[in-house]
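Note sheet for the following structure.
The values are calculated or read from the model by the stated rules, or taken from the named source; none is laboratory data. Please read all numbers here as calculations on a predicted model, not as lab measurements. Here Cβ is always computed from backbone atoms with ideal geometry, including for glycine, and neighbour counts include all displayed protein chains. Calculation scope for accessible area: heavy atoms of the full protein, side chains included, ligands and nucleic acids excluded. Shrake-Rupley method; radii C 1.70, N 1.55, O 1.52, S 1.80 Å.
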Amino acid sequence: MTDEGNELLKVTPTDAGFDLTGEIDGHSSPQLEAVLADVADRHIAIDMSGIEFVDSSGLRVLVEAHQRAEEAGGSLTLIEISQPVARLLELSGMNGYLRVKPAAE
Amino acid sequence: MVPTPTTLRGRVAAVLIAFVAVMVLAAAASTIAFRSWSDSLDDRGESRNAAREVADLRLAYSDQETGVRGYQLSGEPDTLAPYHDGSARAQQLLAALRQRDLGETDLIPCIDAVDEAAATWRTAIAVETIDDPDAAPPTDEAIASFGRVREALDELERVVSADLAGEVDRAERQRALTIAVLIAGLASALLCTALVTVLFRRWVLVPLATISRSARRLGADDTASLPDFGIAELEDVADAIRTMQASLAQARDRAVVAYEALAQSAVLALHVRSQLSNELGELPAGWQVDSMLEPASGVVAGDCYDLGLLDPHTIYLVMVDVTGHGAVAALDALKAKSQLRAALRSRLAPGAALEWLAKERATDPEADLMTALVVRIDVETGVCEYANAGHPPMLIGDGSGVQSLEPTGPLIGAFESTWATRSTTIAPGDALVAYTDGVTDTLGPDRERFGDERLLESLQAVSRGPIEAVAAVRSAVEAFRVGARADDLTLVVIRRPPLVESTPGETVEIATMPA
């Protein structure tokens, strides 16, 4: 198993949830999936300000984590999302589905 | 050279024999010490009894002497009672003393000396006085005679006291020795138990833990080699684990080969299926099309598209991109594509086709998130009706000026939704471009993505035709790409024929120009 995903994505636990830095793609999305697997019943805020790129596999991980949180009584909020990530959410129509708090500019 | 492993059974037997031997030795030493201590206590009791009898003997002779003197003074026969009692007790005590086993060689001669001195006193003094008190021997002679009895008693008492002191000392030493032996035995038992525990851990528990770890690591695909344990039984278990490791590794390798073969086949199937779309031959009314589907390297991605005619006047295009990877995702994409095509042939509008597909997939728990495009084009008018479910926007234009056709609804599978059908017109000479995110997400130097701007720049070639446009995008992406292709690259370009001038002031489309 490669560690490439760990090099692409840095996950730092915070009081509110997690701080993500790097890219969420086919290599690193399993790492994020593992991190979010056990926190479905919590109210988690993910700081996305350090995320420069998300592809469809990363989007799938976020959507599924959001769905698990809804079912378990928790929540998943994406905060400080960057412009490329906001564009992806807009194109995919997920900006009205996922809890999103855009970066203050 | 690998040492021949000894058996665990042999080692356990050796340890057990040693353990039992130590325990037997400790028990024997303790028994002997106890017995010696007990014997010393018996000897001490014998000496104490002898000492008491010597004291009683002294009293018996004193009673005899007192009785004789009383009779000499009073002449009353009753006063002789102490004499007779003392005489009888003295004989009993002397007999008892002779039976004592003190191991003291001077004892019997001392008893004989007392008996002899007492006999002399009785004959010369006591009997003479009792026979005729008035003719009794002189007092100083009587005192001297009885004094010799006392001297003999003193010697007897010294000998018995010395023996008693020796026995008391010996009993004390035996007691200390017995305690020491018991402590040593207990310490040996504890030491042996600790040693057995250590050996059991080293010979059994540690190797078993190593084997268990190795067996568990098999689940993590870690087939680290097991050490040589040097114990036959554990070597058997380790060999079984090694055999299982090798078997699993072979099975894994076969599975990888099979998976790669399946992946290759699935990619090939998708590719062939999509390529078939290009074998439509001539599109009506001079419309041109070209496309590409470059499969990802090492994975089966979920891109596929279909292009054809719904009727002689209507071109359709469906394009889907399942977010998952693998053969299941690829087959899922193929199925979705077929469903959308069927919906269009049932005369559903593009948005309605997406809604119907979404409802179909809502009942399938295995269905993944998916983006999709559905397009139908009137070849006569260039009117293009489309619906877009979270897919990258289609582009429309002649290469110099490009319009982006944004999604008309979210991707399919996250939640219930509706998808609008929108309409635009493809002007003569303009092209409609549809692609998947594999194109714009292609990774280049410094982790930069190919992106929209490079795509638009490459699509300037669309003015020369779809074939040139697809070739330009393909070469630009390949030149930009660093590393393996991580996702499928799918691109479809459909171009409406440009207008040409037939007579001054009149233009007609190329396809309808008279021959």
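Whenever a residue of the stretch A:86-97 is at the interface with chain B (Cβ under 7 Å from one of its Cβ atoms) and surrounded by 22 or more Cβ atoms within 10 Å (Cβ to Cβ), its partners that are among the β-branched types (V, I, T) and not in a helix (DSSP H, G or I), lying with C-beta atoms within less than 8 angstrom and at least six residues away or across chains, give the pairs A:S92/B:T371. The residues of the stretch A:11-30 that are within 14 Å of chain B (Cβ to nearest Cβ) and assigned to a strand (DSSP E or B), listed by number, are A:T21, A:G22, A:E23, A:I24.
With the structure loaded, tell me whether B:V379 is open to solvent by less than 10 Å² (accessible area, probe 1.4 Å) and touching a Cys at 6+ places or on another chain (Cβ under 7 Å) or whether it fails that test. It is false that B:V379 is open to solvent by less than 10 Å² (accessible area, probe 1.4 Å) and touching a Cys at 6+ places or on another chain (Cβ under 7 Å).
One residue stands out among those in the stretch B:122-142 that are hydrophobic (A, V, I, L, M, F, W, C) and surrounded by 14 or more Cβ atoms within 10 Å (Cβ to Cβ): the one that is farthest from B:L57 (Cα to Cα), which is B:A136.
Exactly one residue out of B:R44, B:R9, B:R35, B:R48 is of a type in the set (K, R) and under 30 Å from B:F200 (Cα atoms), and it is B:R9.
Among the residues of the stretch B:462-498 satisfying the criterion of being basic (K, R) and outside any loop (DSSP other than H, G, I, E, B), which is surrounded by the fewest Cβ atoms within 10 Å (Cβ to Cβ)?
Only one residue tops the list, namely B:R464.
Among the residues of the stretch B:395-437, those that are among the aliphatic types (A, V, I, L, M) and out of contact with any strand residue (DSSP E or B) (no Cβ under 7 Å at 6 or more places or on another chain) comprise B:A414, B:A427.
Restricting attention to the stretch B:61-90, the residues that are open to solvent by 80 Å² or more (accessible area, probe 1.4 Å) and more than 12 Å from B:A126 (Cα to Cα) total 6. Within the stretch B:327-348, if we keep just the residues that are over 19 Å from B:A389 (Cβ atoms) and touching a helix residue (DSSP H, G or I) at 6+ places or on another chain (Cβ under 8 Å), the residue that is surrounded by the most Cβ atoms within 10 Å (Cβ to Cβ) turns out to be B:L331.
Quick grid of which residues meet (1) at pLDDT below 65; (2) touching a strand residue (DSSP E or B) at 6+ places or on another chain (Cβ under 7 Å); (3) crowded, with 16+ Cβ neighbours inside 10 Å; (4) hydroxyl-bearing (S, T, Y):
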position	(1), (2), (3), (4)
B:L226	no, no, yes, no
B:A246	no, no, no, no
B:V257	no, no, no, no
B:A263	yes, no, yes, no
B:Q275	yes, no, no, no
B:L280	yes, yes, no, no
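B:D169 falls short on exactly one of the conditions (1) open to solvent by 30 Å² or more (accessible area, probe 1.4 Å); (2) touching a residue at least 12 places away in the same chain (Cβ under 8 Å); (3) over 22 Å from B:R58 (Cβ atoms), and that condition is (2).
Considering only the stretch B:308-325, I want to know if a residue exists there that is part of a loop (DSSP other than H, G, I, E, B), away from chain A (no Cβ under 13 Å) and within 30 Å of B:G429 (Cα to Cα).
Yes - at least one qualifying residue is present in the stretch B:308-325.
Only a single item in (1) at pLDDT below 90; (2) within 28 Å of B:R173 (Cα to Cα) is not met by B:V24, and it is number (1).
Scanning the stretch B:315-353 for residues that are hydrophobic (A, V, I, L, M, F, W, C) and at pLDDT 90 or above yields a count of 14. One residue stands out among those in the stretch B:91-114 that are of a type in the set (A, V, I, L, M) and over 28 Å from B:D39 (Cβ atoms): the one that is surrounded by the most Cβ atoms within 10 Å (Cβ to Cβ), which is B:V114. Considering only residues that are modelled with pLDDT of 90 or more and either part of a loop (DSSP other than H, G, I, E, B) or open to solvent by 70 Å² or more (accessible area, probe 1.4 Å) (or both), which ones fall in the stretch B:1-21? Scanning the stretch B:1-21 gives B:I17, B:V20. If you check every pair at least six apart or on different chains, which have Cβ atoms under 6 Å apart with a residue in the stretch B:438-458 that is without any contact (Cβ under 8 Å) to a residue 60 or more places away in the chain first and a residue that is small (G, A, S) second? The qualifying pairs are B:T440/B:G451; B:S458/B:A472; B:S458/B:A476.
Screening the candidates A:E33, A:E52, A:E7 for the property of being at pLDDT below 90, in a helix (DSSP H, G or I) and open to solvent by 40 Å² or more (accessible area, probe 1.4 Å) yields one hit, A:E7.
One residue stands out among those in the stretch B:409-435 that are among the hydroxyl-bearing types (S, T, Y) and more than 9 Å from every other protein chain (Cβ to nearest Cβ): the one that is most open to solvent (accessible area, probe 1.4 Å), which is B:T418. Checking each residue in the stretch B:337-395 for being on the phi > 0 side of the Ramachandran plot and within 14 Å of another protein chain (Cβ to nearest Cβ) picks out only B:G390. Just checking, does the stretch A:54-76 include any residue being more than 14 Å from chain B (Cβ to nearest Cβ), over 17 Å from A:K101 (Cβ atoms) and of a type outside the set (S, T, Y)? The answer is yes, given that some residue of the stretch A:54-76 is more than 14 Å from chain B (Cβ to nearest Cβ), over 17 Å from A:K101 (Cβ atoms) and of a type outside the set (S, T, Y).
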